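Heads up, the thing below is written out as structure tokens.
Each reported figure results from applying straightforward, stated rules to the coordinates on display, with no laboratory input. In this text the structure is predicted, and so the values were computed from the model without any measurement. So basically every Cβ, Gly included, is an ideal-geometry build from the backbone, and we count neighbours across all protein chains shown.
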Amino acid sequence: MNIVLVGLSHKTAPVEMRERLAFADSSLTDALSKLVDHDTLDEGLIVSTCNRIEMVASASADPEKGIDRLARFLCDFHDLQPAIIDNHIYRHAGVEAIRHIFRVASSLDSMVVGESQILGQVKDAYRQAVQAGTVGRMLSQLMDRALSVAKRVRSETEISHRPVSVSSVAVELALKVFDSLAEKRILLVGAGEMSELAARNLVEEGASNIIVTNRTPERAEAVARNFGGSIVAFESFYEVLPTVDIVICSTGAPACVINAAETRRALRSRRKGPVLFIDISVPRNIDPNVAGLENSFLFDIDDLESVVRANIDGRQAEARKAEVIIDAEAHHFINHIRAMDIGPSVVEVKEILAQLALSEFQRNRKRMGDLTQEQEAAIRDVLIPSLVNKLSHPIIVHLRTAAHNGDRSQVVEELRKMIRID
Amino acid sequence: MDYLWFVILSGYALCVAESIFSLTSKQPTLRRWMIFPLALAFATHTAWLVDRGISLDRCPIAGTEEMFAFLSWALVVSYLIAWKWSHALALKAFIFPIVLVIATIAAVAPQSDASPAIKGPLQSFLFPIHAGLILLAYSAFFIAFGAGLMYLIQERELRLKRFGTFFYRLPSLDTCDSISFKSMAVGFIMLTLGIAAGMGWQRIRDGHYWHGDPMEIFSIITWFIYLALIQSRRSSGWAGRTAALASIVGFMIVIFSLVGVRFLGTLHPFS
């Protein structure tokens with residue numbers, strides 16, 4: 001039995017191609033049952049997201065045939081000519097296929113390395129294949145292993161420790177100023193998409209007290225409703241400034257909306273800790289001089305993006321450590337399969353020995369003189385099988401231990417030589 | 001030098017090395033093993049104090065050696081409390097160098113018997129209370145100093161927008177500020193009680209509350225500085241940079257009370 005994989009991802013195929021080859025949730029069960037023909041492929045599983053399609057299967061015989069069947073199925077199912085997809089798909093078998101699925105589950109192959117969504121998508125695909133009944137012993141072991149490798153990568157490397165989006169970096173910075181966001185008041189100046197996103201991240205971290213201000217009050221109301229916050233008139237937001245701890249500014253204004261002099265005046269009456277200003281607008285909406293005020297901190301979009309870039313670099317470094325883990329795990333798993341998969345060889349060895357014994361019996365039949373039919377049947381059905389079992393037992397034990405370390409077929413080959421056939 | 005001090009000092013030295021390494025390196029791998037040298041050093045340190053107390057049949061906080069031994073021990077205890085409460089592991093890198101220095105002074109100080117002032121009929125239960133409370137207060141002020149230093153560094157990283165290893169290892173400004181404030185408040189209460197016990201002890205001894213001794217003057221200055229700090233923090237709800245700077249000034253004065261005052265001539269027997 002062999003694990004084979006055919007797939008395409010954002011790295012190998014443009015989005016139009018991925019769209020055409022994707023499997024809709026509704027058609028997945030149908031696709032899985034058509035894929036597994038119990039001839040070339042015994043088990044199958046399909047991961048289909050907007051960034052990738054992975055088809056994993058266990059091939060009973062030749063892995064090349066299994067791969068061809070996967071590729072052909074991908075075309076047939078979507079009514080496409082094989083030539084169209086040939087340059088966009090990758091084909092893996094054995095340890096390479098295992099490594100690939102481990103890398104995908106651990107988010108090493110993702111567009112944003114270390115993102116957590118892919119693990120959930122892999123889990124979903126696994127669950128759907130189990131429901132469709134196309135997952136057997138081999139794939140269930142592979143997928144269980146893939147999920148635990150992903151967990152290991154996550155806990156043993158810092159691959160997903162640092163955020164890589166502007167709004168989550170804003171939260172990370174806020175948590176280096178404030179202990180927790182639970183009691184903090186947040187003022188959103190401008191109710192654009194970016195400030196809403198940043199606010200959502202802060203709310204997820206526990207912030208609950210949000211005030212929104214916007215030139216058009218309707219938009220402010222809509223955003224405030226989303227977060228259970230309140231609104232304040234755009235003309236008078238300086239009045240609430242002394243009471244807030246975090247100010248997020250993102251308006252389309254061409255010039256400063258928050259100026260240093262007014263802010264200084266507003267903060268004078270403030271009798272508590274620091275204020276964090278986050279300016280995610282381009283051009284900037286907060287006067288850079290605000291950064292110089294006592295107990296106030298200002299970060300603009302460039303600052304946040306430089307952190308994002310540094311964190312992405314950090315993830316790349318961690319990804320190299322993860323590759324080492326995955327490489328070891330993939331080899332460990334292939335050895336595990338080999339050990340698990342000596343069944344066919346055992347049958348083969350016994351067949352070889354049985355045939356040998358039978359042909360020797362026939363060759364020497366005349367020399368054995370007269371035998372009744374019962375006696376002949378006893379030799380054929382009792383003596384020979386019993387001898388074969390006795391003789392093959394140490395061989396099978398050897399096969400089992402040898403399979404742990406190396407290639408099974410090589411061991412079988414050696415056995416063939418030992419018992420001098422072919 | 002007592003051989004036990006080798007165990008104590010090398011344990012603390014390991015802690016200093018590891019904590020500074022953890023603060024600056026990306027992979028603090030040694031961290032979980034540091035519990036062993038720390039526990040061994042601290043247990044030995046405790047045993048040393050207990051043994052000294054039993055063999056002399058009094059509280060072991062008289063004379064330079066004992067006083068510094070007790071102060072460094074109290075500082076480790078204060079660190080453990082602050083760490084347990086705030087989970088700010090980075091504090092270790094700021095406290096253990098001080099622990100190491102104070103413990104080294106204790107180790108190399110000449111072993112002196114208690115000064116005549118606290119011997120015989122003059123000995124009173126008030127003396128160990130006085131000295132113990134003041135040393136505990138100092139250790140709390142050292143913690144405030146460490147947290148104040150962390151505050152200033154973290155604030156600097158934020159202002160300069162340098163988001164390096166330091167930035168990620170140090171706690172939030174909020175945490176630094178609250179460790180600093182809480183330890184100052186606790187230290188201030190102990191200092192107040194310690195000064196009161198000292199005055200009471202002197203009253204019993206020679207009928208005077210006050211001798212104008214440099215140590216007394218410095219203690220009162222320290223007391224006023226911390227009073228002012230705590231008061232301003234209470235009214236503003238946040239001490240920030242000013243308090244962090246003041247905690248450093250407070251620390252300098254405490255150090256001077258401990259080391260510098262002896263050159264001015266003092267009645268205080270330990271100096």
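Numbers at a glance
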item: Alpha carbon convex hull of the protein assembly as shown, projected area averaged over orientations, nm²; result: 48.2
item: Largest to smallest principal axis extent of the C-alpha atoms in region B:1-69, angstrom; result: 49, 20, 18
item: Under Karplus coefficients 6.51, -1.76 and 1.60, residue-wise ³J(HN,Hα) of region B:90-100 in Hz, glycine/proline x; result: 4, 3, 3, 5, 9, 8, 5, x, 5, 4, 4
item: Intensity falloff of region A:302-403 expressed as log10 I(q)/I(0), Debye formula with alpha-carbon point scatterers, at q = 0.17 Å⁻¹; result: -0.88
item: Degrees between helix A:166-177 axis and first principal axis of chain A (Cα, 0 to 90, nearest 10); result: 70
item: Ratio Rg/Rh, restricted to region A:1-52 and using Cα atoms, in which Rh is the Kirkwood radius; result: 1.00
item: Sites A:Ala61 and A:Asp370 - FRET efficiency at Förster radius 41 Å, r taken between beta-carbons, to 0.05; result: 0.30
item: Phi to ³J(HN,Hα) by Karplus 6.51 cos²θ - 1.76 cosθ + 1.60 over region B:169-178, Hz, x for Gly, Pro; result: 7, 7, x, 5, 4, 3, 5, 4, 5, 6
item: Distance cut-off 16 Å, percentage of C-alpha pairs in region A:259-323 lying past it; result: 57
item: Estimated distance in nm for a label pair at B:Met199 and B:Thr46, the labels positioned 7 Å out from Cα along Cα-to-Cβ; result: 3.5
item: Cross-link reach list, lysines versus A:Lys11, counting only Cα pairs under 30 Å and skipping chain neighbours closer than eight places; result: A:Lys34, A:Lys65, A:Lys123, A:Lys151, A:Lys321
item: Computed over chain B, Kirkwood Rh from alpha-carbon pairs, angstrom; result: 19.4
item: Point-to-point label distance, A:Val95-A:Asn259, nm (Cα→Cβ direction, 7 Å offset); result: 6.9
item: Computed [θ] at 222 nm, deg cm²/dmol, the protein assembly as shown (DSSP H ≥ 4; -39,500 (n - 2.57); rounded to nearest 500); result: -21000 deg cm²/dmol
item: Rg/Rh (Cα only; Kirkwood hydrodynamic radius) as it applies to region A:358-401; result: 1.15
